[in-house]
1. Most mobile of Gln169, Gln177, Gln24 per a Gaussian network model of the chain (Cα springs, under 10 Å)?
2. Mind giving me the nanometre distance, one decimal, between the label points for Ile126 and Asn87, set 7 Å out from Cα along Cα→Cβ?
3. Of the candidates Ala198, Ala67, Ala175, which one comes out as most mobile in a Gaussian network treatment of the chain with C-alpha springs shorter than 10 Å?
4. Looking at the calculated P(r) for the chain, what percent of the C-alpha pair distances fall above 21 Å?
5. Roughly what would the spin-label model give for Asn51 and Met110, points 7 Å off Cα along C-beta, in nm?
6. For a Förster distance of 41 Å, can you work out the FRET efficiency between the beta-carbons of Asn139 and Ser58, rounded to the nearest 0.05?
7. When the distances between all Cα atoms of the stretch 8-77 are binned every 5 Å from zero, what whole-number percent does each bin get?
8. Give me the Kirkwood hydrodynamic radius of the stretch 88-149 in Å, from all C-alpha pairs, to one decimal place?
Amino acid sequence: MTSLDHHILRTDVSGLPLEWVTYQDAVRLYYLGHVAYTCGRSLYRVRGGYNAATGQRSAIDLSSIIATEGATQASVKVSPGYTPPLNNETLFRRDDHICMYCGNRFRTSMLSRDHVRPISRGGQDIWNNVVAACKRCNNHKGDRRPEQAGLELIAVPFTPTHAEYIYLQGRRILADQMAFLRAQFPRRSPLHQRLTLAEELARERPDHS
Ligand SMILES: [Zn+2]
């Protein structure tokens, strides 16, 4: 069962992921003639108007992944020096909403961005120096490095690549979209393990996608 709130993955013509779009946006791209090709499975069939001459009703099949022309090319985002913008929402998703000190999972409102090496001690506000931390752990750590506060990181913070970043921004990602993005993750991506686990869980509970 597919509901209309599944987002469509938009890529550039070379297949590099660009963004998630709603089905309305995808329809617009189809009508503007920007869709170069599609992959992934057919998600929705959208009915258009009737052709006055033929009486036929137009329809477009929306795929889960669409490659578009005329868009900003994503190639700049796969260059080695590229770093996706840092924001709490994606950071918390990177860390799977788990406090990187106590290992418990929290909702977004209970998490904060912790600077492993505090800003006041020369730490930077960059992906490699920030982790999700619950407010309790963050308060306890205060203006200290983890070891000074008797804390230990449960995972090493990492800078997501562009493909990982797009994945982290996704909602209710479909299996084919996941496979498409995952193929572009670095081999050593820490996300592989999490995704493998999620796949195993999904296999055990096929009703929950
Ligand atoms: Zn904590």
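1. Among Gln169, Gln177, Gln24, the largest mean-square fluctuation in the Gaussian network model of the chain belongs to Gln24.
2. Distance between the two pseudo-spin positions: 2.2 nm.
3. Ala198
4. 61
5. The two pseudo-label positions are separated by 5.8 nm.
6. Between Asn139 and Ser58 the formula returns 0.10.
7. 3, 18, 27, 22, 13, 8, 5, 2, 1, 0
8. Kirkwood hydrodynamic radius for the stretch 88-149: 11.4 Å.
Coordinate-derived values only; no laboratory data. The shown structure was predicted, so the numbers you read here are calculated from the model rather than taken from an experiment. Cβ sites come from the backbone with ideal geometry, for glycine too, and all protein chains shown count toward neighbours.
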